Amino acid sequence: MNKEDQEIIDRSKEIAMKYLKGKYNLDVVITKEKLLPKMAMKWVTVSGYVQGNEQLIFSVSVNYETNEQESFSFNSELEAYLISKGYDPYIRIEGDKSGE
């Protein structure tokens, strides 16, 4: 992997972690990151789990050109956890840039 790609991945991981902390107050462990082919999409997909509970799994896609979180997916266990904490994981407020 070249230096530019590694910088994109590192920045995207930071954005994903800040998004999850700021929006849902989650501390997470990153287990995988994938830079999608540049000719197809300008995204890095960051995956992992909530610190302290490996059953709460998520994936966040980050647009590395705009440095914004683009999508958030999660398993049913994390969905139930977020709802139990009073969050609605399906609502995205227009202009939400809590990942920055």
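The values are calculated or read from the model by the stated rules, or taken from the named source; none is laboratory data. Bear in mind that the values here come from a model prediction, so they are computed numbers and not experimental data. Using ideal geometry, Cβ is built from the backbone for each residue, glycine included, and neighbour counts are taken over all protein chains shown. What goes into the accessible areas is simple: the full protein's heavy atoms, side chains included, and nothing from ligands, DNA or RNA. Shrake-Rupley method; radii C 1.70, N 1.55, O 1.52, S 1.80 Å.
Criterion first (charged (D, E, K, R) and within 15 Å of the chain's Cα centre (by Cα)) does Lys34 satisfy it?
In short, yes.
Please find, within the range 59-100, the residue that is modelled with the lowest pLDDT out of those that are open to solvent by 90 Å² or more (accessible area, probe 1.4 Å) and among the hydrophobic types (A, V, I, L, M, F, W, C).
Among those residues, the one meeting the criterion is Ile93.
Considering only the range 19-53, how many residues are closer than 17 Å to Leu82 by Cβ, open to solvent by 70 Å² or more (accessible area, probe 1.4 Å), of a type in the set (D, E, K, R) and in contact (Cβ under 8 Å) with a residue 12 or more places away in the chain?
Within the range 19-53, residues that are closer than 17 Å to Leu82 by Cβ, open to solvent by 70 Å² or more (accessible area, probe 1.4 Å), of a type in the set (D, E, K, R) and in contact (Cβ under 8 Å) with a residue 12 or more places away in the chain number 1.
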